[in-house]
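Trainee: Got a structure for you, questions after.
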Protein chains: 2
Amino acid sequence: MTTLGTLGESAVLARVFPRLPAARAQQLGPGDDAAVVAAPDGRFVVTTDMMIHGPDFRLAWSAPFDLGFKAAATNLSDVAAMGAVPTALVVALAAPAETRVDFLEAFADGLRAACDELSPGAGVVGGDLSVSATLTIAVTAFGDLEGRAPVLRSGARPGDVVAVSGTLGLAAEGLRLLFERGVVDGRPDAAAAAELAREHPVPIAAQLRPHPPIADGRAAAIAGATAMLDVSDGLARDASRIADASGVAIDFSGVSAAELAGAEDHGLLACFPPGIPLPGGFRQIGSVLEGTGVLSDGERITGSGWDPYAGWDGGSD
Amino acid sequence: MTTLGTLGESAVLARVFPRLPAARAQQLGPGDDAAVVAAPDGRFVVTTDMMIHGPDFRLAWSAPFDLGFKAAATNLSDVAAMGAVPTALVVALAAPAETRVDFLEAFADGLRAACDELSPGAGVVGGDLSVSATLTIAVTAFGDLEGRAPVLRSGARPGDVVAVSGTLGLAAEGLRLLFERGVVDGRPDAAAAAELAREHPVPIAAQLRPHPPIADGRAAAIAGATAMLDVSDGLARDASRIADASGVAIDFSGVSAAELAGAEDHGLLACFPPGIPLPGGFRQIGSVLEGTGVLSDGERITGSGWDPYAGWDGGSD
């Protein structure tokens, strides 16, 4: 069995590199001390995020392909939420020495599939490979604003339309199913998860292999979005961030409790001036009002400091 | 005792953010989905590197300030090795829930000190904070080429002068001392390491808190360096990378075996056309010849596939 420990870093990288997605913006790729990436408008957008075995994923549930796909998708989504076009990623991975090289190959395939499907032209320009007792994935992603101002969380104005693109509550539904029925004797179980994925393919895929609407970030910026973010911690909680940053209230209409609470959808929540056609996959789910906080059909659902997910990281079982 | 687990991510970040170094190139900093960084010449240099508790450092030996300092310094050095000026960093840290907040504050102070001392103007523009069983630090660093071509490993030509800036062998000497005399009953020991640091401050500091000559990267590029890299795996091994990439031989003159072997100095090894004044702290230590591989005073010290550090990661005890 060929493992990270027996093969060594250079040989592993020689097998993994050819599988990685190429970045159109890459001017100099892996192999030197650093890469060089184009930033045509003289700025670049950057975001970084780690996924840790245990709190963030379970190997019994997530295939290595899924991990690569999700690591890329969630970071691409943060770039899209600024109204930028993703250009490149760097990926650092730390894994136990006994990790098989085909695990890393499948992980690279997942990175490639996510870039190809969600944001063609974006690719991996560099990375790092280390040994660790805890499988850890750190992705940093870059984007091009194409001359536009970034879309912040602070620009929403009373009268704006509140709209979302992407799924709502599905990823959380998938996680709930996995915790309830993807375990055997209290431990995450691969066979049980595979059976669940056959029965409930949509929510399980939304959790393990999310497909955020990356191109809608750029579309929203061009359409004039006044505020936008990636819905990672749940619609209500993320909406409160726009409300706080913009000094407004957000009132959702006809959105269910599960849709308001569900984390990890990685859709885009945006505010638009009234009366304009909503771009891409955006559909209206509320309005911006004078005031503070978040409401649902006029009922206040958040107070000062309200935080229904404090301490919930998807990792308690 | 205030820990990461009891205080929660937002409260921890509120205490850590004010201690982070500001980046002159920052156009939008932490607090949104992504940061925005200036890239004045329409490109940016990017490198990423992880440090893992166990293989890469021991908490009994490294104070949190040291970890922050070294994490920044080693990444800044990779940027400098391209001939670029470091502009910004993003820093992801994953730590056990029982980690004290003052650990993170001291880590942030180390990041700040490294940027202020080694590369004024560079700073932290974003990051991520996670819980993990294994303390893990992932830094991604950016640089500005100021309109110049990057200095690669592949440009050395026969006749060039081989020069180095920074320490040689000191960091490895510090690590040897720590493994020999910084342990009690076979385990890394804080008191023994503190005593060692009093007796041998220079090599211990070179290992735990390296001060690579960051500004000399830009100086080398301006002076016309034909090839350059960061000396992280030892002078001989890193020189073989320039030799291989450039299709030349490198012959060192009057360099000791310890200087040829010592890893983690994070100095800069560069080749310059003959007859030009060497910039900054560079001093000549050899010449580029026709041929292949690495020699010391005319004696070949590397063959094909020679790799004296295979499997040595500083972490076996």
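Only the coordinates and a few stated rules stand behind these numbers; no lab work does. Quick caveat, the model's predicted, so the values are computed rather than measured. Neighbour counts are summed over all protein chains in view; Cβ atoms, including those assigned to glycine, are modelled from backbone coordinates with ideal geometry.
Trainee: Using a label point 7 Å beyond Cα on the Cα-Cβ vector, give me the inter-copy distances for residue A:276 in nanometres, one decimal, shortest first.
Mentor: For residue A:276, the inter-copy label distances come out at 5.0 nm.
Trainee: Using a 7 Å offset from Cα along the direction of the beta-carbon, what are the separations from residue A:181 to the same position in each other copy, nm, ascending?
Mentor: So the label point of residue A:181 gives 6.5 nm to the other copies.
Trainee: Also, I was wondering about something else. Can you give the calculated 222 nm mean residue ellipticity of chain A, where each DSSP H run of n ≥ 4 adds -39,500 (n - 2.57) and the sum is split over every residue, rounded to the nearest 500 deg cm²/dmol? Numbers along the way, then the final one.
Mentor: Numbers: 10 runs with 103 residues, N = 317.
Mean residue ellipticity, 222 nm, calculated: -9500 deg cm²/dmol.
Trainee: Just to be sure I understand: of the beta bridges DSSP finds with both ends in chain B, what percent are antiparallel, rounded to 5?
Mentor: In chain B, approximately 75 percent of DSSP beta bridges are antiparallel ones.
Trainee: Once amide H atoms are placed 1.01 Å from N in the peptide plane, what residues at a sequence separation of 5 or more from residue B:285, or on another chain, have their amide H within under 5 Å of its amide H?
Mentor: Hits under the 5 Å cutoff: B:162, B:163, B:164.
Trainee: I've got another one for you. Starting from the Cα gyration tensor of the stretch A:1-126, take the square roots of the eigenvalues, sort them a ≥ b ≥ c, and report rounded, prolate or oblate (rounded when a/c is under 1.5, otherwise prolate if a/b is larger than b/c, else oblate).
Mentor: On the way: a/c = 2.14, a/b = 1.41, b/c = 1.51.
The shape class here is oblate.
Trainee: Further question on the same structure: Using alpha-carbon pairs under 8 Å, 6+ residues apart, how would you state the relative contact order of the stretch B:156-280 in percent?
Mentor: On the way: 221 pairs, mean separation 54.8, N = 125.
After rounding, I find 44 percent.
Trainee: Restricting the calculation to Cα positions, tell me the Rg (one decimal) and the Dmax (whole number) of the protein assembly as shown in Å.
Mentor: Gyration radius and largest Cα-Cα distance of the protein assembly as shown: 25.0, 83 Å.
Trainee: What whole number of Å gives the distance from the Cα centroid of the stretch B:38-55 to the Cα centroid of the stretch B:227-263?
Mentor: So the separation of the two Cα centres works out to 23 Å.
Trainee: Quick one: angle between helix B:190-199 and the longest Cα principal axis of chain B, in degrees between 0 and 90, rounded to 10, please.
Mentor: 40 degrees
Trainee: So which GluC sites (Glu not before Pro) in the stretch A:140-180 end up in coil per DSSP with only 16 or fewer other C-beta atoms within 10 Å?
Mentor: Passing sites in the stretch A:140-180 are A:146.
Trainee: Then there's this: Would you mind calculating the relative contact order of chain B from Cα pairs under 8 angstrom and at least 6 residues apart, reporting the percent as a whole number?
Mentor: Reported relative contact order: 22 percent.
Trainee: By the gyration tensor of its Cα atoms, with a ≥ b ≥ c the square roots of the eigenvalues, what is the shape of chain B: rounded for a/c under 1.5, prolate for a/b over b/c, or oblate?
Mentor: oblate
Trainee: May I ask for the angle, rounded to the nearest 10°, between helix A:64-80 and the longest principal axis of chain A, with both axes built from Cα atoms and the value confined to 0 to 90°?
Mentor: Its long axis makes an angle of about 40 degrees.
Trainee: Shortest first and in nm with one decimal, please list how far the residue A:201 label point sits from its counterparts in the other copies (point 7 Å along Cα→Cβ).
Mentor: Nearest first, the other copies' label points are 6.8 nm away.
Trainee: Something else about it: Does the stretch B:105-198 classify as rounded, prolate or oblate by the C-alpha gyration tensor (a ≥ b ≥ c root eigenvalues; a/c under 1.5 gives rounded; else a/b over b/c gives prolate, otherwise oblate)? Let's see the in-between values first.
Mentor: Working: a/c = 2.38, a/b = 1.33, b/c = 1.79.
In terms of gyration-tensor shape, oblate.
Trainee: Looking at the stretch A:4-144 only, what percent of DSSP beta bridges run antiparallel? Nearest 5 please.
Mentor: Roughly 65 percent of the DSSP beta bridges within the stretch A:4-144 come out antiparallel.
Trainee: Evaluate the distance, in nm, between pseudo-label points positioned 7 Å from the Cα of residue A:292 and of residue B:180 along their respective Cα→Cβ axes.
Mentor: Taking the simple label geometry, residue A:292 and residue B:180 are separated by 6.4 nm.
Trainee: While we're on this one: Over the stretch B:4-144, what relative contact order in percent results from Cα pairs under 8 Å that are six or more residues apart?
Mentor: 41 percent
Trainee: Picking from A:233, A:297, A:78, which is most flexible by a Gaussian network model of chain A using Cα springs under 10 Å?
Mentor: A:297
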